[in-house]
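J.: Handing you this structure, nothing more for now.
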Amino acid sequence: MGQTDLDEARATMLHLRGALLQAGRMDAHTEPVPFCGRSPRLDMLGLASYLGNLVDRAASSAQCDRAAIVERTLERLSA
């Protein structure tokens, strides 16, 4: 529905993953990377679900609530 194609959206979501890992002080080498390659639509659904769960794990790792980890992540993305 938007102007972003699925490849661009996937790249953006993976960039968001990196920012969430940093904000949560998590090790990117031990955090699983979501599988992609089944179909663009299924890849996007899987990434969205993964990122939702990652927000919870990052908040727990940083010992803060979901809103705080989202704010920290957005600060990293805008820097």
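The values are calculated or read from the model by the stated rules, or taken from the named source; none is laboratory data. Small disclaimer: the values here were computed from a predicted structure and weren't measured. Cβ sites come from the backbone with ideal geometry, for glycine too, and all protein chains shown count toward neighbours.
J.: State all residues of segment 1-38 that are modelled with pLDDT of 85 or more, surrounded by 10 or more Cβ atoms within 10 Å (Cβ to Cβ), in a loop (DSSP other than H, G, I, E, B) and not basic (Lys, Arg); if no residue qualifies, say none.
T.: Hits for segment 1-38 are Gly24, Met26, Ala28, Glu31.
J.: Using the structure shown, decide if Val55 is among the β-branched types (Val, Ile, Thr) and outside any helix (DSSP H, G or I).
T.: Here the answer is no, as Val55 does not meet what is asked.
J.: On to the next question. Hey, among the residues in segment 16-59 that are of a type in the set (Lys, Arg) and over 8 Å from the mean Cα position of the chain (by Cα), which one's nearest to Ser78 (Cα to Cα)?
T.: Taking the candidates together, the pick is Arg25.
J.: Scan segment 34-79 residue by residue and report those that are touching a Leu at 6+ places or on another chain (Cβ under 6 Å), of a type in the set (A, V, I, L, M) and under 14 Å from His15 (Cβ atoms).
T.: The one that is touching a Leu at 6+ places or on another chain (Cβ under 6 Å), of a type in the set (A, V, I, L, M) and under 14 Å from His15 (Cβ atoms): Leu54.
J.: Which ones in segment 46-79 are more than 17 Å from Glu31 (Cα to Cα) and of a type in the set (Asp, Glu)?
T.: Within segment 46-79, Asp65, Glu71, Glu75 qualify.
J.: Something else: Among (1) in a helix (DSSP H, G or I); (2) modelled with pLDDT of 95 or more, there is one condition Ala48 misses while meeting the rest; what is its number?
T.: (2)
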